[in-house]
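Every number here is computed from the coordinates shown, using simple stated rules; none is lab data. Worth saying up front: this structure is predicted, and the values here are computed from it rather than measured. With ideal geometry, Cβ positions are generated from the backbone for all residues, glycine too; neighbour counts draw on all protein chains shown.
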Amino acid sequence: MPTPILPTDLPPLMHQAVEEAVRLLRAGEVVALPTETVYGLAADALNPAAVAKIFEAKERPTFDPLIVHLPDKKHLDTVAEVPEDIQKTLNKLTERFWPGPLTIVLPKKACVPDLVTAGLPTVAVRVSNHGIFKRVVQELGKPIAAPSANRFGSISPTSANAVLAELDGRIPLIVDGGACLHGLESTIIKIEPGTPKALITILRPGPITLEDLKLYGKVQRVTRTVVDEATEAPGQLASHYAPRTPLRLLSRPSDFIPEVGKRYALMSYRGEEKDGYLDLAEWEQVMVLSPGNGKLPEAAVRFFYVLRELDKLGVDEIVAEPMHEHGMGAAMMDKLRRASKKW
């Protein structure tokens, strides 16, 4: 059966959508919900049978762990252990960034199913700042497992219609909360003790940037991707975020020579001729992430939408311009590199 989409743009509709989502979650079903990052495919994180439906609907490998979303910070100790030597740093980070798009990997408690953590001794946790998601998880009163609401390896959805295109007929409900605020998945970190500051490792870059985290410890990035084995955190597999169309991340315009008979589309960062990409080919279509000045937050909001639209064209290859690798640019470049490695 087709998957229904419930609107939330009026208070009575919001109440109805939240109530239906909670009813389904309590019954062990999965529901697509909006967050401030991307749309998530939600299930009761402590119900292994419900979590299994996430993997089934997404066709996601079970060695890829899920993020657990908490009703609030007070629920952290229901699913995770906090080592004493990082407690102070953790408190500072959660006070600053929760609720919000920061996920923290911590030792898990026994109540968290192994399916959620891919058998790892750790669990990735965060508290969402999206009004609809908060209402659902707080009314449910339990942690929610919620990876992005798309088929595994595909482009993450930032609208209800994008979820429908991926999962129509596979799930019982999509709650429409409009376009997502950030458009990129949450930043994932782990914390280790250090002197004089704790060591914060960015396992997946996202809206909370390296620059944001520097105030709270010594920060480093993990650039390794994993192809077919258990990962340290969600979103580290090389096949994540890839369109069906082959994608090339083109570092220098001079490296590109179009092949005769092939059709190309361009994902442009700023849409500026001086960058040297617009005149490289007779592009089937050019879509710009942030026209003119190249504002990274604006580009991040449009990132998955543009990638999805270009993927629909049926061209032979998508060519992507690079962008600055500071702030949110680091997250987008990480995703483009992963998408290009698929091919």
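For the stretch 247-341, what's the radius of gyration and Dmax over Cα atoms, in angstrom?
Values for the stretch 247-341 (Cα only, Rg and Dmax): 12.3, 38 Å.
With an 8 Å Cα cut-off and a minimum separation of 6 or more residues, compute the relative contact order for the stretch 247-341 in percent.
Here the relative contact order equals 37 percent.
With just the Cα atoms of the stretch 28-141, tell me how far they stretch along each of the three principal axes, in Å, largest first.
Computed over the Cα atoms, the extents are 39, 31, 21 Å.
What number, rounded to the nearest 500 deg cm²/dmol, is the helix-based mean residue ellipticity at 222 nm of the chain, given -39500 (n - 2.57) per DSSP H run of at least four residues and division by all its residues?
-8000 deg cm²/dmol
Round to a whole angstrom and tell me the spacing of the C-alpha centers of the stretch 110-180 and the stretch 283-343.
What the calculation gives is 23 Å, centre to centre.
To the nearest 0.05, what FRET efficiency results for GLU309 and GLU282 with a Förster distance of 25 Å applied to their C-beta separation?
0.85
Relative to the present Cα-Cα distance, how much length would full extension add between ASP212 and SER254 at 0.36 nm per residue of separation?
Using 0.36 nm per residue and subtracting the Cα-Cα distance, I get 11.7 nm.
Collect residues whose amide H, placed 1.01 Å from N in the peptide plane, falls under 5 Å from the amide H of THR103; neighbours closer than 5 in sequence don't count.
The list, which skips near neighbours in sequence, is THR187, ILE188, ILE189.
Any chance you could list P(r) for the chain, counting all Cα-Cα pairs in 10 angstrom bins from zero, rounded to whole %?
6, 26, 33, 23, 10, 2, 0
Please give the peptides 324-337, 277-290, 81-94, 180-193 ranked by average Cβ packing (other Cβ atoms within 10 Å per residue), highest first, as a rough proxy for protection.
180-193, 324-337, 277-290, 81-94
Can you give the % of DSSP beta bridges in the chain that are antiparallel, to the nearest 5?
Looking only at bridges with both residues in the chain, the antiparallel portion is about 40 percent.
Using only alpha carbon pairs under 8 Å that are at least six residues apart, calculate the relative contact order of the stretch 1-141 and give it in whole percent.
29
Ranked by Cβ crowding within 10 angstrom, fewest neighbours first, how are LEU66, LEU33 ordered?
LEU66, LEU33
Between PHE152 and ASN293, what is the FRET efficiency for a Förster distance of 35 Å, r being their Cβ-Cβ separation, to the nearest 0.05?
Given R0 = 35 Å and the Cβ-Cβ separation, E is 0.50.
What does the extension gain come out to for LYS73 and ARG244, with contour length at 0.36 nm per residue minus their alpha carbon separation?
Gain on stretching LYS73 to ARG244: 57.8 nm.
Based on the Cβ-Cβ distance of ARG263 and ASP85, what FRET efficiency does E = 1/(1 + (r/R0)^6) give at R0 = 41 Å, to the nearest 0.05?
E between ARG263 and ASP85, to the nearest 0.05, is 0.15.
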